[in-house]
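Worksheet for the structure shown next.
Taken together, the values in this text are just the output of simple stated rules run on the coordinates, not laboratory data. Note that this is a predicted model, so its numbers are computed, not measured. Heads up, the Cβs are rebuilt from the backbone with ideal geometry, glycines too, and the neighbour counts pull from every protein chain shown.
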Amino acid sequence: TITVFSGNVWCGPCSAKAHRCLAYRDKEGHEFRGWRCPRRIKGKPNQCEGHILREDRIKEITCLLTGATTFTDELFRTRVNRVVMTSPGEVEFQLCDGRRFQIVYSRGKYARPISVEDIALLEEGEN
């Protein structure tokens, strides 16, 4: 399924475009979609250290970085240039205005919400 995130989420360790996947299903049967490195496939030897980033996390971070109260596809399309999954629990957001932010977040189904304390503005020229 093509979404607003298609082509905008990348694996940091191997620089591949991430693929949409089922991140997990809770006890009530609710599905949580996410993005993962295409080289990290269940049942095959892992060719990359990439991880899964849930879509609800992408939406949450987008709203936090832009000051929006509600996520929309248009908000993401006009404000976010790229999302790079740098390591488990860390992601880099590259905004359309040139700013880059590194976000550290807790993982798992009981993960706490992301706050401004989890966000660091990357300095110009820093990788």
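Structure notes:
- Across the stretch 18-28, computed HN-Hα scalar couplings (Karplus, 6.51 cos²θ - 1.76 cosθ + 1.60, θ = phi - 60°) run 6, 10, 6, 8, 8, 6, 5, 10, 7, 4, 7 Hz from first to last residue, x flagging Gly and Pro.
- Rough spin-label spacing in nm, given labels placed 7 Å along Cα→Cβ, for Glu31 and Ser106: 2.8
- Between the stretch 55-109 and the stretch 1-23, the alpha-carbon centres lie 13 Å apart.
- Annotation: amide H-H contacts under 5 Å for Val9 (H modelled 1.01 Å from N, sequence separation of 5 or more, or interchain): Ala18, Val83.
- For Val80, residues with placed amide H under 5 Å, excluding near neighbours: Cys96
- Pairwise label distance in nanometres, Glu60 with Ile119, each label 7 Å out on the Cα-Cβ vector: 1.4
- The base-10 log of I(q)/I(0) for the chain, evaluated at q = 0.12, 0.13 Å⁻¹, reads -0.43, -0.51 [Debye formula, identical scatterers on Cα atoms, solvent excluded].
- Environment charge at Asn81 (Cβ cut-off 12 Å; Lys +1, Arg +1, Asp -1, Glu -1): +3
- Extension gain (nm, one decimal) between Ser87 and Thr69, 0.36 nm per residue minus Cα-Cα: 3.8 nm
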